[in-house]
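Below is one structure, written out as structure tokens; comments come after it.
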Amino acid sequence: MSMELSIPKFWRFKHSIYRLQAARCRSCGRVHYPPKNACPYCGSRDLEPIELPKRGKLVSYTTVYAVPDGSRQYSPIYVGLIDLGLTKVVTELTDIADPSQLRKGVEMEAVLRKARVDRDAGLIYYVLKFRPAMGVPDVQA
Amino acid sequence: MAKITAIESATGLGSIELSDDPLIIDSVAEAYRRLSSLTGVDRFDFIELHDSFTITAMLVLESIGVAPKGKAAEMVAQGSFSPTGTGPVANPSGGLKARGHPIGATGVYQLAEASLQVAGKFPGVQVRGAKKGLVISMNGLGSNSFVALVEGV
């Protein structure tokens with residue numbers, strides 16, 4: 001029995017995956033997600049953790065039909081660029097009943113969702129995805 | 001024959017969530033700015049550009065300013081970058097999507113084909129009277145880019 005994903009890896013990234021913990025550059029103020037050890041803008045290594053808001057506005061999105069094993073039953077999936085104010089994130093969009101609601105500027109909010117099931121091990125991996133705002137986000141900032 | 005007059009490069013963020021404007025490939029824009037300020041050349045008979053995906057071709061055309069922002073796709077559809085268009089001719093070789101993309105060798109491929117163009121010996125779509133060609137090679141989504149001016153001699 002083999003496992004494709006690693007539990008320790010998810011554990012190490014739990015703050016960035018589940019709390020949207022980003023890194024703010026103390027030198028130039030830019031915020032980066034996923035968190036970086038060095039600022040891509042000014043090169044400073046003086047960064048501090050900062051939690052991102054769980055709501056933002058959709059900038060753009062794309063539809064993915066070729067979905068990997070383990071989550072193929074969810075095809076098509078939507079991947080969006082969301083502006084959270086402090087920074088932008090690329091994330092999977094969920095609860096899309098009608099893709100025509102995915103307009104630029106529409107408000108999106110984070111929700112905890114299943115990402116994939118590891119085939120043989122049967123482990124379920126969860127991530128934050130974004131859905132069109134319903135007013136009551138599952139995850140509070 | 002042909003000569004490579006200049007090669008310039010620039011690094012970029014290479015990631016759409018990092019850039020303030022995801023519709024500009026910053027490393028292409030900067031490398032091209034350096035090349036044109038070094039050589040004084042900003043008009044070309046043809047461009048061999050890095051269309052690893054359809055969208056990158058459009059963004060490259062807009063990032064170097066041969067198409068206004070948001071207009072590249074429309075101009076391509078109208079034939080502006082075809083041999084009969086107002087020019088420059090984009091990817092007379094067929095580009096990465098039609099000719100192929102052997103990753104690291106693609107830039108060499110582009111330079112060789114641009115050299116054949118300015119020498120008037122390209123076996124495919126030959127741009128008539130081509131003397132100046134621009135070659136653009138990108139890494140990933142623009143984490144670094146190289147641009148070269150190839151001229152006939």
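Residues in segment B:1-25 that are of a type outside the set (V, I, T), surrounded by fewer than 18 Cβ atoms within 10 Å (Cβ to Cβ) and within 14 Å of chain A (Cβ to nearest Cβ): 4 in all.
Is it true that B:P68 is part of a loop (DSSP other than H, G, I, E, B), away from every other protein chain (no Cβ under 14 Å), more than 18 Å from B:A148 (Cβ to Cβ) and touching a Lys or Arg at 6+ places or on another chain (Cβ under 8 Å)?
For B:P68, the condition - part of a loop (DSSP other than H, G, I, E, B), away from every other protein chain (no Cβ under 14 Å), more than 18 Å from B:A148 (Cβ to Cβ) and touching a Lys or Arg at 6+ places or on another chain (Cβ under 8 Å) - is not met.
Going through (1) away from chain B (no Cβ under 14 Å); (2) closer than 24 Å to B:G142 by Cβ; (3) of a type outside the set (S, T, N, Q); (4) not in a loop (DSSP other than H, G, I, E, B) one by one, A:Y18 falls short only on (2). Sub-9 Å Cβ pairs linking a first residue in segment B:89-103 that is over 16 Å from B:A130 (Cα atoms) to a second residue that is among the hydroxyl-bearing types (S, T, Y) and assigned to a loop (DSSP other than H, G, I, E, B), at least 6 apart or interchain, are B:L96/B:S52; B:K97/B:S52; B:R99/B:S93; B:H101/B:S52, ordered by first then second residue. Only one of the numbered conditions (1) of a type outside the set (K, R); (2) within 14 Å of chain A (Cβ to nearest Cβ); (3) assigned to a helix (DSSP H, G or I); (4) surrounded by fewer than 20 Cβ atoms within 10 Å (Cβ to Cβ) is not met by B:L59, and that is (4).
Scanning segment A:107-125 for residues that are in contact with a Phe, Trp or Tyr (Cβ under 9 Å, 6 or more places away or on another chain) and either in contact (Cβ under 8 Å) with a residue 40 or more places away in the chain or over 27 Å from A:K88 (Cα atoms) (or both) gives A:M108, A:E109, A:A110, A:L112, A:A115, A:R116, A:V117, A:D118, A:Y125.
In segment B:26-50, of all residues being under 27 Å from A:V90 (Cα atoms) and at pLDDT 95 or above, the one that is farthest from the other protein chains (Cβ to nearest Cβ) corresponds to B:L49. Applying the condition of being within 16 Å of the chain's Cα centre (by Cα) and hydroxyl-bearing (S, T, Y) to segment B:1-17 and asking which residue is farthest from A:V89 (Cα to Cα) yields B:T5.
When A:G80, A:G85 are screened for being in a strand (DSSP E or B), within 14 Å of another protein chain (Cβ to nearest Cβ) and not β-branched (V, I, T), only A:G80 passes.
Scanning segment A:23-76 for residues that are farther than 18 Å from A:P132 by Cβ, within 14 Å of chain B (Cβ to nearest Cβ) and of a type in the set (S, T, Y) turns up A:Y33, A:Y41.
The values are calculated or read from the model by the stated rules, or taken from the named source; none is laboratory data. This structure is a prediction, so every number in the text was calculated from the model and none was measured. Cβ atoms come from the backbone with ideal geometry, glycine included; neighbour counts cover every protein chain shown.
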